1. Hey, got the dipole for region 339-566? About the Cα centre, +1 on K and R Cβ, -1 on D and E Cβ, debye to the nearest 20?
2. In whole percent, and with a 1.4 Å probe on the protein chains, what portion of the accessible area of region 311-359 is carbon and sulfur?
3. With every protein chain left in place, what is the accessible area per residue of region 145-261 in square angstrom, probe 1.4 Å?
4. Let me see the P(r) profile for region 339-566: every Cα-Cα distance counted, bins of 10 Å, each bin given as a percent of all pairs.
5. Over region 752-864, what is the relative contact order in whole percent, taking alpha-carbon pairs under 8 Å and six or more residues apart?
6. Would you kindly state how much longer the chain becomes between Gln198 and Asp613 on full extension, computed as 0.36 nm times their sequence separation minus their alpha carbon distance, in nm to one decimal?
7. Report relative contact order for region 339-566 in percent, whole number only (criteria: Cα-Cα under 8 Å, sequence separation at least 6).
8. Between Phe458 and Val859, what is the spin-label point distance in nm, taking each point 7 Å from the Cα along the Cα→C-beta axis?
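The values are calculated or read from the model by the stated rules, or taken from the named source; none is laboratory data. The structure presented is a predicted model; accordingly, all values stated were derived computationally and were not measured. So basically every Cβ, Gly included, is an ideal-geometry build from the backbone, and we count neighbours across all protein chains shown. Accessible surface is based on the protein model in full, side chains and every heavy atom, while ligands, DNA and RNA are left aside. Shrake-Rupley method; radii C 1.70, N 1.55, O 1.52, S 1.80 Å.
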Amino acid sequence: MEIEENHQQETLWETESTESRSTRVGFSGPMSGPLVTNKTRNSSKKSARFKEDEELVEITLDVHDDSVSVQNIRGGDSETALLATRLEKRPSFGVRLRQVSQELKRMTSSKKFDRVDRAKSGAARALKGLKFMAVKNVGTQGWVQVEKRFHELAVDDKLPKTRFGQCIGMQESRDFAGELFDALARRRGITSASITKQQLREFWEQITDQSFDSRLQTFFDMVDKNADGRITGEEVQEIIALSATANKLSKIQERAEEYAALIMEELDPDNLGFIELYNLEMLLLQAPAQSTHITTDSRVLSQMLSQKLVPTKEYNPIKRGFKALAYFIEDNWKRIWVIALWLSICIALFTWKFIQYKHRAVFHVMGYCVTTAKGAAETLKFNMALILLPVCRNTITWLRSKTKLGMAVPFDDNINFHKVIAFGIAIGVGLHAISHLTCDFPRLLHATDSEYEPMKPFFGDERPNNYWWFVKGTEGWTGIVIVVLMAIAFTLAQPWFRRNRLNLPKALKKLTGFNAFWYSHHLFVIVYALFIVHGYYLYLSKKWYKKTTWMYVAIPVIIYACERLLRVFRSGYKSVKILKVAVYPGNVLALHVSKPQGFKYSSGQYIFVNCSDVSPFQWHPFSITSAPGDDYVSVHIRTLGDWTSQLKAVFAKACQPSSVDQSGLLRADMLQGNNIPRMPKLMIDGPYGAPAQDYKNYEVILLVGLGIGATPLISILKDVLNNIKQQKDIEEDVESGVTNNKRKPFATNRAYFYWVTREQGSFEWFKGVMDEVAEYDKDKVIELHNYCTSVYEEGDARSALITMLQSLHHAKNGVDIVSGTRVKTHFAKPNWRSVFKHAAVKHPGKTIGVFYCGAPGLVGELKRLSLDFSRKTNTRFDFHKENF
């Protein structure tokens with residue numbers, strides 16, 4: 001044993017000092033042998049080294065006149081931390097050091113010595129946690145912003161506690177920031193509810209300190225409200241409730257007492273009634289951390305890290321342009337050829353009619369006005385016929401499912417094509433109406449007698465004497481009414497009107513929304529009737545075979561009429577019995593209905609639902625959430641508009657509060673009990689094809705759902721799960737000697753499901769499916785990843801306790817505290833690039849089907865990543881989307 005003491009000329013232990021003076025005392029050693037110090041009046045640093053093993057323990061203390069505080073511990077285990085905290089007590093410093101030395105010797109001689117290894121992967125990840133500030137806010141630049149806000153928010157050169165969170169950038173977590181303020185103030189003996197800029201600077205330096213021990217101490221101080229170095233169960237409960245509030249986790253807040261008891265049971269096995277700093281460190285460093293973070297073996301992980309996916313920049317603008325064009329054509333060739341064909345037909349029709357009328361006598365009176373009007377009219381006839389075909393859902397579903405046309409025709413873009421044609425109609429109507437009303441008619445009124453002579457067969461022997469003559473005629477008033485009705489339907493179909501995005505007066509707001517869109521769109525019946533009449537009563541064409549409007553629209557109108565008749569017949573036949581109703585958090589209504597006889601569908605498809613108690617005429621589309629193998633049909637409906645709100649209200653009246661063992665706030669189960677409530681009548685129509693139904697074409701699928709957009713993907717998951725069960729039945733039959741199996745092979749053998757939602761209550765919607773997958777999928781065919789974006793990302797101090805509690809509860813009970821399922825929930829948003837990288841490395845040379853359903857905001861990023869990885873790896877990603 002060797003003891004070294006360094007003496008310097010500095011008075012350290014004077015008791016008459018008017019200010020608190022401190023120095024740091026460091027000692028390190030293998031934790032054996034008594035620690036002896038010679039306390040001198042002129043000493044600033046003491047170091048003791050013990051040489052027995054290569055393992056060293058270093059404890060740094062902050063020594064004041066009347067107190068000692070632990071600043072850092074390097075090496076040792078949890079018991080070392082406990083012993084170090086004892087040095088903070090008031091009695092003689094020398095006595096405490098000797099006591100600690102004796103305890104360290106006892107610990108190293110014990111066979112139970114097992115210190116926390118901070119080099120382990122879980123510990124290494126935890127050491128990056130407990131961050132009070134984001135990395136971008138740490139440092140000089142971060143303080144500059146804080147200082148600027150201080151001057152804006154300070155009152156009499158002091159920052160009030162109520163504005164502390166806003167000043168440091170925690171304005172969305174004011175309660176958490178308030179507790180952080182109290183902890184920092186307690187450490188410094190500040191009792192005032194406001195601080196100076198210098199004190200704020202000290203606070204800032206502590207909360208941005210990158211040392212894990214400093215962050216741990218700050219978090220401990222937040223929990224330890226009476227500053228006695230011990231955390232009681234009540235204090236744990238308070239910090240759990242605070243963390244739950246900051247992360248918008250209401251269910252955890254309600255069960256804070258239960259979860260506090262769980263932590264105390266784990267960290268206080270001796271029932272002392274309190275835990276200390278080292279217990280908290282153990283929970284952080286030893287908790288199993290599974291985060292966004294996909295489990296892979298070392299070989300795959302090394303491949304992931306070695307992949308070069310950084311885009312290379314092309315400096316030649318010509319080459320860059322050609323490359324971008326080639327990529328664009330490669331990705332959109334189906335859309336390109338369809339749009340090119342449509343434009344070619346429109347241009348050809350316009351040119352044909354333009355040239356035809358240029359060689360007629362009327363051209364000499366009306367000029368290019370009449371040629372433009374007639375050319376636009378010809379394209380208008382074509383587009384009015386074509387616009388009906390993209391909304392013939394049964395026809396498109398049949399073509400998608402029964403033919404190979406989907407290889408060349410983008411059926412998923414049927415509604416987008418419908419909108420493009422509508423835009424073409426708007427242009428045609430504008431050219432036709434403006435040319436006639438502002439050019440043709442005025443020219444005819446001002447024509448000379450000789451100029452009018454060739455016009456007598458069309459307009460009569462007497463020349464029209466005023467403008468009203470044209471307007472009051474059948475040709476005139478039908479055209480004007482058509483323009484007005486089209487303008488109404490076109491305007492109310494715009495997203496800002498259809499989704500009520502405009503802040504309109506209450507009286508006008510009733511005239512917008514989905515109902516207004518639905519009813520205005522059905523004005524097309526009147527429009528088509530007037531369109532045919534308008535096309536028959538023509539000024540310049542008197543022979544019936546030259547009146548071609550009815551010829552254009554006849555076949556599409558017949559097809560569409562048959563579609564509507566089929567829907568009416570099928571929906572009346574498919575009046576269904578309601579089996580179960582549940583109203584979940586997040587304003588989601590789940591309906592389970594009987595499966596009509598002969599009703600066959602594929603996962604990913606959707607149906608139309610009608611409820612006569614809400615509206616006998618309106619039909620609304622909803623994705624099917626049940627699987628084809630289920631004996632019922634289910635949909636999950638989120639109340640976002642007027643119709644869905646009324647539907648929820650109608651069913652809520654017939655529901656009862658759920659029991660303890662059932663999910664859902666309100667329930668009505670028709671299969672149980674004798675008191676069956678009177679249920680509204682439901683009719684369904686479908687099924688209809690959707691992009692997600694193509695999942696069967698891929699061996700590997702990547703499913704991404706945002707919020708209620710997970711509905712069609714849940715059906716796919718259940719279908720894959722049912723296939724897993726059936727496959728096990730087949731294996732059992734083979735083992736028993738039964739080999740007769742006519743079942744079609746199931747292509748999909750790997751599924752990744754990512755569900756991102758803002759609200760904790762959303763996980764109630766599909767809790768049963770998640771648990772079922774966890775129970776039956778023993779071969780890990782399905783990989784589930786739930787993300788709750790209301791929780792701060794891993795590493796943030798505001799979610800640190802939630803993360804610890806989640807790991808502890810899942811390890812002990814196998815249930816996630818956030819979702820209430822067996823699937824562990826990740827926090828914040830996924831790193832989509834890492835998700836794609838993981839799939840690309842896991843499945844080299846494969847084609848992966850990416851299916852997204854949700855808000856349009858994520859479409860661009862997922863599509864870009866699909867293209868990026870398809871070009872730069874040997875894994876191809878086919879992107880399919882469905883927006884709500």
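1. On the way: 25 positive and 11 negative charges, 168 e Å.
With Lys and Arg at +1 and Asp and Glu at -1, about 800 debye.
2. On the way: 2750 of 3810 Å².
Of all accessible area on region 311-359, carbon and sulfur atoms account for 72 percent.
3. Numbers: 5420 Å² over 117 residues.
Ligands and nucleic acids excluded, the result is 46 Å² per residue.
4. 7, 28, 31, 21, 10, 3, 0
5. On the way: 115 pairs, mean separation 30.9, N = 113.
With pairs under 8 Å counted, the relative contact order is 27 percent.
6. Working: separation 415, 0.36 × 415 = 149.40 nm, distance 6.66 nm.
Fully extending the segment from Gln198 to Asp613 adds 142.7 nm.
7. Numbers: 202 pairs, mean separation 51.1, N = 228.
Relative contact order here is 22 percent.
8. The answer from the label model is 4.4 nm.
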